[in-house]
Amino acid sequence: MRAQVLHLPGEPLREASLPDPEPGPGQLRVRVEACAVCRTDLHIVDGELPDPKLPLVPGHQIVGVVDEVGEGAEVEPGSRVGVPWLGWTDGECRFCQSGRENLCDNARFTGFHVDGGYAEAAIADARFCFPIPDGYTPVHAAPLLCAGLIGYRALRLAGDATRLGLYGFGSSAHLIVQVARWQGRRVFAFTREGDTEGQELARSLGAEWVGASGEQPPEPLDAAIIFAPVGALVPVALRALEKGGVVVCAGIHMTDIPTFPYELLWEERVLRSVANLTREDGKEFLELAPQVPVETHVERFPLAQANEALVRLRAGKITGSAVLETAG
Ligand SMILES: [Zn+2]
Ligand SMILES: [Zn+2]
């Protein structure tokens with residue numbers, strides 16, 4: 001199979017021809033049709049996350065068709081599945097035992113600890129795969145698998161906030177704004193200064209106000225979700241918050257957070273992060289997505305252009321989600 005491989009963080013991916021992987025017990029082999037590009041992939045490639053498997057095939061928003069099933073894996077060959085970031089958990093640690101497998105002590109993540117979907121085939125543990133909802137093409141379903149469902153987890157942790165701020169209007173925010181509007185929330189979208197395409201997309205998807213991330217919204221926010229990996233946005237978002245509001249940091253990596261006066265946190269404002277996903281989050285979001293219905297706006301790249309997709313993402317030039325397409 002053809003694959004895009006990371007040999008050393010900080011270097012571009014290199015195209016390689018690898019033997020087709022074989023599924024072990026409980027695993028499946030997926031013929032990859034599409035794999036969306038996540039900012040986490042960029043953090044891994046740039047060496048901002050410690051200890052990836054090397055060499056590594058990145059990619060954890062995989063949609064494909066099952067073509068080989070390992071012993072005991074309960075999925076029909078020929079079915080279309082999605083493979084998310086959470087690739088395996090031990091099921092035994094105190095976090096798994098308390099419904100928090102997203103925090104599993106021994107979790108393995110797709111495209112980080114195990115090879116992912118920047119390839120023509122990928123191996124996945126059948127128990128962690130999801131069926132793809134009807135009405136989505138592989139390319140349009142792929143961004144649901146991380147941008148969508150981890151964004152959804154962040155939205156849930158924002159509580160019942162009516163006035164919701166989204167800082168960084170990329171892959172995740174463009175999906176979550178649709179869910180938030182469907183739930184009857186009001187959305188205020190913050191983009192990079194001058195990102196007119198991102199701002200237009202935010203408006204067209206139901207944001208009632210859009211501005212640059214340094215701007216104050218016209219009224220205080222009950223919650224804010226920070227999708228951009230920029231620590232300086234934490235005090236900015238806290239400053240925009242109503243009493244008792246919450247700031248949720250949704251990324252796996254962020255630059256350092258500058259110091260800020262305690263008064264920004266005072267009056268029961270809450271600052272928290274979101275880590276990974278549980279299978280329950282995935283199930284819930286993928287059932288919800290076609291009801292809204294959540295539409296994904298994608299920029300397509302052939303698999304061979306994975307580096308170009310990462311370069312454009314790093315430069316903030318992707319509107320919506322970047323998706324790698326693997327031609328049959
Ligand atoms: Zn565990
Ligand atoms: Zn991701």
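The values are calculated or read from the model by the stated rules, or taken from the named source; none is laboratory data. Just so it is clear, the structure is predicted and the values come from calculations on it, not from any experiment. Counting neighbours? That spans all protein chains shown, and the Cβs are built from the backbone with ideal geometry, glycine included. We work out accessible area using only protein heavy atoms, side chains counted, and drop any ligands, DNA or RNA first. Shrake-Rupley method; radii C 1.70, N 1.55, O 1.52, S 1.80 Å.
Points to keep in mind about this one:
- Tally, over the range 244-287, of residues that are in contact with an Asp or Glu (Cβ under 9 Å, 6 or more places away or on another chain) and in a helix (DSSP H, G or I): 2
- Members of the range 193-208 found to be more than 19 Å from the chain's Cα centre (by Cα) and either closer than 15 Å to residue 316 by Cβ or open to solvent by 50 Å² or more (accessible area, probe 1.4 Å) (or both), listed by number: 193, 194, 195, 196, 197, 199, 200, 203, 204, 208
- Cross-chain or 6+ apart pairs with Cβ under 8 Å, the range 81-110 first and of a type in the set (D, E, K, R), then outside any strand (DSSP E or B) and within 16 Å of ligand 2 (Cβ to nearest atom): 90/107; 100/278; 101/107; 101/278; 101/279
- With respect to the conditions (1) under 27 Å from residue 304 (Cα atoms); (2) among the hydroxyl-bearing types (Ser, Thr, Tyr); (3) touching a helix residue (DSSP H, G or I) at 6+ places or on another chain (Cβ under 6 Å), residue 89 falls short on a single one, namely (1).
- Test result for residue 152, buried (at least 24 other Cβ atoms within 10 Å of the Cβ), within 14 Å of ligand 2 (Cβ to nearest atom) and over 15 Å from the mean Cα position of the chain (by Cα): no
- Residue within the range 85-108 that is under 19 Å from residue 280 (Cα atoms), out of contact with any Leu (no Cβ under 8 Å at 6 or more places or on another chain), acidic (Asp, Glu) and open to solvent by less than 70 Å² (accessible area, probe 1.4 Å) present: yes
- For the range 171-188, residues that are under 22 Å from residue 61 (Cβ atoms) and either surrounded by 24 or more Cβ atoms within 10 Å (Cβ to Cβ) or charged (D, E, K, R) (or both) total 8.
- Among strands (runs of 3 or more DSSP E) entirely within the range 42-118, having at least 2 residues that are within 13 Å of ligand 1 (Cβ to nearest atom) singles out 86-88.
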